[in-house]
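Let me begin by presenting the structure, written as structure tokens, before commenting on it.
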Amino acid sequence: MTMIKVNPSKWKYLKEPTLKRKRTKICITCNHFRYSTTETFATVLICPRFEKHIPQRDHLVKGCEYWQKTRNIFALESS
């Protein structure tokens, strides 16, 4: 995951109806999902797509309509 420096005092939290309880396509598996830190080095969960915080634990059970599959890019190894 990429660490992004943000000023959390300016961002609000994502809430219903944007985040909805789901079985799949949850925040932690989304390409937009990121971790960041506050000025006091506390870890926060963020969605740069909305420029908002994700409440603790919601990233494990909720998602939004803009969910994108996480893309891992691997270099092909030559033999």
Enumerate the amide H contacts of Thr37 below 5 Å, restricted to partners 5 or more residues apart or on another chain; note that Pro and chain-start residues carry no placed amide H. Ile4, Val6, Val44
For the stretch 54-65, what does the Karplus curve 6.51 cos²θ - 1.76 cosθ + 1.60, with θ = phi - 60°, yield as ³J(HN,Hα) per residue in whole Hz, taken in order and with x for Gly and Pro? 10, x, 3, 6, 5, 5, 9, 10, 10, x, 10, 6
If packing is taken as the average count of other Cβ atoms within 10 Å, what order do 54-67, 30-43 fall into, highest mean first? 54-67, 30-43
List the residues, sorted by chain then number, that are 5 or more residues from Lys52 or on another chain and whose placed amide H is less than 5 Å from its amide H. Cys47
For the stretch 13-31 versus the stretch 37-61, the gap between their alpha-carbon centres in whole angstrom: 12 Å
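Bear in mind that the values in this text are calculations on the coordinates, not laboratory data. Because the structure is predicted, anything quoted here is derived from the model rather than measured. Virtual Cβ from ideal backbone geometry, glycine too; neighbours counted across all protein chains shown.
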